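Trainee: Got a structure here, written out as structure tokens. Questions coming.
The values are calculated or read from the model by the stated rules, or taken from the named source; none is laboratory data. In this text, all values refer to a predicted model and were calculated from it rather than measured experimentally. Neighbour counts run over all protein chains shown; Cβ positions are idealised from the backbone, glycine included.
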Amino acid sequence: MYSKEEIKKGKERFWTRFGQYLSVIPSAEGEKINWVNYKTGIKHLFFRMDADQYQGVIMIEMANPDAGIRELQFETFKTYKKIFEETVGEDWVWEKEFVDAYGKATTRIYKELKGVNLYNEQDWPELISFFKPRLLALDDFWTTAKYGFSIFK
């Protein structure tokens, strides 16, 4: 079991290192980007990464408080599903209804890596190798798809 302080410091160290590692890589449009805090430009629509002592996960999260808007966003993503799958090169889980640990309803599209521990530095290369290509693929996908989401701005 990890203390709250160990969890906080472990996450800070990993995400700082990950951000530094990716800082030299431009976005698909050739711009400097904060990869750890990716901005989609759409309110309540996020590209998120998370890890803990059990897994790493990368996701597109639709967190609009209005369930109808979340559903419309999800349907819009479904119209781009073929492009998405070609860009990321693998199947992701498409979850229309998800309730997070805080009781907040969201919709998400995600990929998990099980059996890694963020707090074990020996697992960091595997986590980075998991997150990096998928985040770059999400960015590449978003350069095409973002125009279809402009109605949600």
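Trainee: Of the numbered conditions (1) closer than 27 Å to Glu5 by Cβ; (2) within 11 Å of the chain's Cα centre (by Cα); (3) crowded, with 16+ Cβ neighbours inside 10 Å, Gln55 fails exactly one; give the number of that condition.
Mentor: (2)
Trainee: Within segment 20-131, considering only strands (runs of 3 or more DSSP E) that don't extend past its boundaries, which have at least 2 residues that are touching a residue at least 60 places away in the same chain (Cβ under 8 Å) and under 19 Å from Thr143 (Cβ atoms)?
Mentor: So the answer is 45-51, 55-62.
Trainee: Sort through Met62, Met49 and tell me the only one that's closer than 18 Å to Glu126 by Cα and touching a strand residue (DSSP E or B) at 6+ places or on another chain (Cβ under 6 Å).
Mentor: Values: Met62 fails: closer than 18 Å to Glu126 by Cα.
Among Met62, Met49, only Met49 is closer than 18 Å to Glu126 by Cα and touching a strand residue (DSSP E or B) at 6+ places or on another chain (Cβ under 6 Å).
Matching residues to (1) farther than 18 Å from Ala28 by Cβ; (2) at pLDDT below 95:
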site	(1), (2)
Phe84	no, no
Val93	yes, no
Lys96	yes, no
Ala101	yes, yes
Leu118	yes, no
Gln122	yes, no
Asp139	no, no
Trp142	no, no
Gly148	no, no
